[in-house]
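Encoded as structure tokens, the structure appears first; notes follow it.
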Amino acid sequence: MTHLIVSFLPLAVCAFWSVAIALNLWEQGNRAARRQLLWWAITATLLYAGHFVFFNRMTSEIPASDTIYVVCNLLVFPLYLHYITMLTQGTVSRSQRWLTVLPPVIIGIIVATVYVMMSDDESRQFVDTYLYNDSIVGLSGQTLVQAVVHQLAKILFAIGLLIVLFVAIRRIRRYNRLIDSIYADNDDKRLYGITTILILMVLTGILSLVVNAVGRFVFLSSEIPFAVLAFFFSGLLYLLCYRGFVQQFSFADIAQEECEDIMETVSQDTYSKLLHKIDDERLYLQPGLTLAELAQQLGTNRTMLSRLVNEETGMPFAEFINRKRIAYVRRLEQEHPELRKEELAELAGYTSMRSFYRNYQLYGDAK
């Protein structure tokens, strides 16, 4: 009974989040790439349904469940890359869609076809020999072909996983740099917890790679390692889904005028005007200040002003503004020690205490 419950846990986590994300998508629409996150969660649910059948030795169901498992195993990480891509770029290219779908579909068709061509005895031999003992001894004909296809699927999984991790990490970092260059108040707009997301992705990827390499059969007779693996995977899956569920902002939410790349020259006194606006008028205290608003006031555009700030200060717009805000807070602390942190944050233009504390920790000691 314990084995049944433990093997069901990752499936339950994915099914729970599939329902939660679907309800959120229905109520609020496709904000922050919820639709792509839902497809990933459904695929993960089907994947762990295949695990459930395998680990509970439901041998009569294995030809169907194993086919679904092979397809979903090849799909799950590329679909998560789709989700990350929609969050950070707003669109997924046609080539990425084809590269995501085509290999799993082709492998799945081959696996299903070979299962159909096998006799019942051959299916049982393949399941017992290869799936449950990771051996090809005694296999021939259709059963040997099926084993080779499964090995090929493992190789494709490993290659795809490494590509997904590399591309996803680059896109997340590039997106956060874009947000930092546009918004002063960026905590609710970044892929917040970037370190958490990357660590979870890497841990899940490495663990999946190890399990795929050594074979699931290793955990069949080892209850404690199996339970540890199931709980660990369940925790990682829960956190990945949760991080996506609480994300409310994405590339698609960036205002159109802030994404336009209008080529023009910046006048020689633009930086002087910028400093006047920022320092003399204390514009940095304005809540929700964006680079686009500042550019409009200076008669230029976001792209050119972002470049100017980086060239003159050596830092992105968000850091430039938040350093000034925290320096202002430090002066207030000396002049008015009776003020509470909440009051200081409000006076400095912060609408989020989380953002205030994060920036205070980053720049509070800066000179």
Most mobile of Thr300, Thr67, Thr204 in a GNM of the chain (Cα contacts under 10 Å) | Thr300
Calculate what fraction, in whole %, of the accessible area of the chain sits on carbon and sulfur atoms when a 1.4 Å probe is rolled over the protein chains.
-> 61 percent
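What whole-number value in Å² describes the accessible area per residue of the chain for a 1.4 Å probe?
Numbers: 18280 Å² over 367 residues.
Computed with neighbouring chains in place, this is 50 Å² per residue.
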Could you work out how far helix 317-335 tilts from the main Cα principal axis of the chain, as a 0 to 90 degree angle to the nearest 10?
-> 60 degrees
Of the residues Arg170, Arg124, Arg94, which exhibits the maximal mean-square fluctuation in a Gaussian network model of the chain defined by a 10 Å Cα contact cut-off?
-> Arg94
Using Cα atoms only, what is the angle between the long axis of helix 194-214 and the major principal axis of the chain, expressed in degrees (0 to 90) to the nearest 10?
-> 10 degrees
Which lysines does Lys189 reach when only Cα atoms under 29 Å apart count, and residues fewer than 8 places away in its own chain are ignored?
-> Lys273, Lys277, Lys324, Lys341, Lys367
Ignoring the sites themselves, what is the longest stretch of the chain with no GluC sites (Glu not before Pro) in a DSSP loop and at most 14 other beta-carbon atoms within 10 Å?
-> 1-259
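What is the calculated FRET efficiency for Met117 to Leu162, with r their C-beta to C-beta distance and R₀ = 30 Å, to the nearest 0.05?
Numbers: r = 33 Å, r/R0 = 1.10.
Computed FRET efficiency for Met117 and Leu162 comes out at 0.35.
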Report the extension gain between Asp365 and Arg177 in nm, rounded to one decimal, defined as 0.36 nm multiplied by the number of residues separating them, less their alpha carbon distance.
-> 65.4 nm
Euclidean distance between Cα centres, the stretch 73-133 to the stretch 16-36, Å = 24 Å
Taking a point 7 angstrom from the Cα of Leu332 along the C-beta vector, which residues in the stretch 282-318 have backbone N less than 16 Å away?
-> 282-289
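The values are calculated or read from the model by the stated rules, or taken from the named source; none is laboratory data. It should be emphasised that the depicted structure is a prediction, and the values quoted were computed from it without experimental measurement. When we count neighbours, we look across all protein chains shown, and the Cβ atoms used for this are built from the backbone with ideal geometry, even at glycine. Heads up: the accessible areas ignore ligands, DNA and RNA and are worked out on the full protein's heavy atoms, side chains in. Shrake-Rupley method; radii C 1.70, N 1.55, O 1.52, S 1.80 Å.
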